[in-house]
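Any read-out appearing in this document is the output of simple, stated calculations on the displayed coordinates, not a laboratory observation. A quick note: this is a predicted structure, and the numbers were derived from the prediction, not measured. With ideal geometry, Cβ positions are generated from the backbone for all residues, glycine too; neighbour counts draw on all protein chains shown.
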């Protein structure tokens, strides 16, 4: 093969792929070729679902635009019909002209289709549906975030907050990071403004620092991991509260502490008064010392007292 | 009340002066040992111990929050709790000395105030150094002023139920770490770390009423009352060293005991730090590993109370029981890697449960033995020094075990070494004088420095350290 000139090699390759493609098309797919302009006829990735009587679902992680060949093999049941019809659907809607008839080969019906996934709008749920109702779902998506934080991040007005975002080691690295604000339908990208937002991104991590918080800053923020084919969003909720919120329980606890100390000292004073009134005058200093001690001690946490004579 | 026919020195020599004063002024403030107010003090100890050590143990919840907010490394953040712990240990003798000089009540109330203040100030921190100073230094100082006086007070207020009282008091640490973890998590989620620290500061202020419960004893005149208007340098030094009980450092029994406890400390904390990682490495899941640690924590609490109750029954000498528990703990620590290497989860759980029980049992006894060695009067200072010295040994243990793990690749060597330190400490205990006698030796004779510590002596009232087993007048 090495002695062939380059042009001959190319011709041979073309012939081979063309013949393969035609074979596939003849046996399985009498309908016309896939609509989007496919740069090459061979698939970059191939996903297969083997079905018997139950539906199956597969997650397919995509990073770049590519040709994806999806294949479903249904095991024949006892009927063993020679042909069974099937169609492909995208996000629940049947793809036009995708209905075809699969023939029985080796106890299985095979259905295969080549998709060219160009961009984010082509991601979604692709399904092959057989006429007996059995289906296989392929969920095409960018790599998802592992841990989604369900509790909101809380911070105080006037303070700043750092919203973190991380893509784990096991997942592929994003090309870049973007931050958005809004709701599910409409998101606005956040650009860096020195006094309000600071974005610091590393390979697998990104941090959005929101400075000088106000109540309007509360809401849902989305951190987006950008891949060639699309962006994965991770929502983070931000809540902004005022200092008065923790102050209320704190004051409550302070009052409780002061009350306890006062009660303890009062009880002690009363008990020592009772005792000295029962006893005789042999302890006048004792009384004075006690009272003085309690007076001083009633001040919460003062410095160490002076020694008294 | 003690029957009169006992052949014992109720009044150690050199104490007659202050003793008479004590008897003259004793009245409603004077408690019978093991009496009602003692149990109130146990409750105070329960609350304050949980707010000091239980809180310290649960501060890890703030770790992630600090790393995110201050954008510092994990190591820089972990210095906060290291500084706090080191301050607590370092200032323990100071707390003891202040109690000897002044009053346990004031010291504990001040300590509670400082602990709360540190956390409240920490809630306003804008940089990491602020946290080091407030959460670390100020709160640590406060914690140091609380532990020794509280423990010494409870010891002085009990004679026959001493170990049980201490066991109950210390059981709070385990219970509160169970309760504080979810509580702190909730506080952080609701109020962010600033609000959570503010509320924790408020909670820590609850130690102040606990300190208020300590009844101050009326103070007799100190011997060198201001006959001379200014104190000479040597006088100050002498008083200072007596408040700190530095003379204890020259006594062989105390040194031996401190050495033994330090050896315990080297090995004691290793399972706390490494058990989870070791279980994960042996192939168990995160939940299984966490369950093992929780189970050990639960039996720890039971062990504290059970050993306290059992020791007070008086069938064995406390020092013998302590040796027994430390032997068992050392043994079980050594067995821990064996049980997990065989792959049996049940064996790991059983050994961990036994380890937890024995280590809790050990904790109750460690401090109770101190008055047996140095006498109740000097317990305050002795505890302070002991806390300082044993904790420095504890700092050695975990890096050593981590180092061994880095060299060998697994935790087997770390656990074996930790267990052997405990066994070594147990053997050191055997070198204490009168170790092999079946009855308690006579309590140490008090010397003239007793006059500086009238408070403890009065709290223990008319019964100095007793021979628990030989005569039981009131049971």
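Give the separation of the Cα centroids, segment B:340-373 to segment B:311-330, in Å.
After rounding, the separation between the Cα centres reads 12 Å.
What is segment A:61-105 by shape, rounded, prolate or oblate, if you read a ≥ b ≥ c off the alpha carbon gyration tensor as root eigenvalues and call it rounded for a/c under 1.5, prolate for a/b larger than b/c, and oblate otherwise? Don't skip to the answer; put the middle values down first.
Values: a/c = 2.84, a/b = 1.86, b/c = 1.53.
Prolate shape, in that a/c is at least 1.5 and a/b is the bigger ratio.
Please state the relative contact order of segment B:57-201 as a whole percent: Cα pairs under 8 Å, 6+ residues apart?
32 percent
Under the definition of Cα pairs under 8 Å and six or more residues apart, what whole-number percent is the relative contact order of segment A:153-243?
Relative CO of segment A:153-243 lands at 39 percent.
Determine the shielding of peptide A:238-248 by partner chains: average, over its residues, the number of Cβ atoms on other chains within 10 angstrom of each Cβ.
That average works out to 3.
Pull out a ≥ b ≥ c, the square roots of the eigenvalues of the alpha-carbon gyration tensor of segment A:43-141, then state rounded if a/c is under 1.5, prolate if not and a/b is larger than b/c, and oblate in the remaining case.
On the way: a/c = 2.04, a/b = 1.92, b/c = 1.06.
Because a/c hits 1.5 or more and a/b exceeds b/c, segment A:43-141 counts as prolate.
Please work out the Kirkwood hydrodynamic radius for segment A:153-243, using every pair of different C-alpha atoms, and report it in angstroms with one decimal place.
This gives a value of 13.6 Å.
If you take each beta carbon of peptide B:106-117 and count the beta carbons of other chains within 10 angstrom, what is the mean? List each step's numbers first, then the result.
Working: counts 8, 1, 0, 6, 5, 1, 3, 5, 1, 0, 5, 1.
Whole-number average of other-chain Cβ neighbours for B:106-117 is 3.
Specify the inter-centroid distance of segment A:169-233 and segment A:76-126, based on alpha-carbon positions, in whole Å.
Using only Cα atoms to place each centre, the spacing works out to 38 Å.
Can you tell me which of B:324-333, A:233-242 comes out highest on packing, and rank the rest after it, using the mean Cβ neighbours within 10 Å?
Details: B:324-333: 23.6, A:233-242: 17.1.
Put in order of decreasing packing, that is B:324-333, A:233-242.
So how do B:400-413, B:310-323, B:85-98 stack up, highest first, on mean other-Cβ count within 10 Å?
Ranking, from highest mean packing down: B:85-98, B:310-323, B:400-413.
Quick one: divide the alpha-carbon radius of gyration of segment B:43-148 by 2.2 N^0.38 Å and tell me what you get.
For segment B:43-148, the normalised Cα radius of gyration comes out at 1.08.
Rank the residues A:135, A:271 as a footprinting-exposure proxy: fewest other Cβ atoms within 10 Å of their Cβ go first. Kindly include the intermediate steps, with their values, before the conclusion.
Details: A:135 20, A:271 14.
Ascending number of Cβ neighbours within 10 Å: A:271, A:135.
Between residue A:269 and residue A:184, 0.36 nm times their residue separation minus their Cα-Cα distance comes to what?
Stretched out fully, the residue A:269 to residue A:184 stretch lengthens by 24.0 nm.
Does segment A:112-181 come out rounded, prolate or oblate, given a ≥ b ≥ c as the square roots of the eigenvalues of its C-alpha gyration tensor, rounded meaning a/c under 1.5 and, failing that, prolate meaning a/b above b/c?
prolate
Roughly what % of Cα-Cα distances in segment A:195-273 sit above 21 Å, to the whole percent?
Tail of P(r) above 21 Å: 59 percent of Cα pairs.
How do the peptides A:123-134, B:160-171 rank, highest first, by the average count of neighbouring beta carbon atoms within 10 Å per residue?
On the way: A:123-134: 17.9, B:160-171: 24.4.
Packing proxy ranking, top to bottom: B:160-171, A:123-134.
Please compute the Kirkwood hydrodynamic radius over segment B:245-436, one decimal place, Å, based on all pairs of different Cα atoms.
One decimal place: 17.0 Å for the Kirkwood radius.
Express the relative contact order of segment A:43-141 as a whole percentage, based on alpha carbon pairs under 8 Å and six or more residues apart in sequence. Intermediate values should be presented prior to the final figure.
Values: 215 pairs, mean separation 36.0, N = 99.
About 36 percent, as a whole number.
Along each of the three principal axes of the Cα atoms of segment B:324-376, give the extent in whole Å, ordering the values from largest to smallest.
Per principal axis, max minus min of the Cα coordinates gives 49, 14, 11 Å.
May I ask you to list the residues of segment A:48-88 whose amide nitrogen lies under 14 Å from a point 7 Å from Cα along the Cα→beta-carbon direction of residue A:141?
Answer for segment A:48-88: A:57-63.
Determine, from the Cβ-Cβ distance of residue A:258 and residue A:173 and an R0 of 56 Å, the FRET efficiency 1/(1 + (r/R0)^6), rounded to the nearest 0.05.
Values: r = 57 Å, r/R0 = 1.02.
After rounding, the FRET efficiency stands at 0.50.
If the convex hull of the alpha-carbon atoms of segment B:34-216 is projected onto planes in all directions, what is the mean projected area in square nanometres?
9.6 nm²
State, to one decimal in nm, how far the label point of residue A:81 lies from the label point of residue A:108, with both points 7 Å from Cα in the Cβ direction.
2.0 nm
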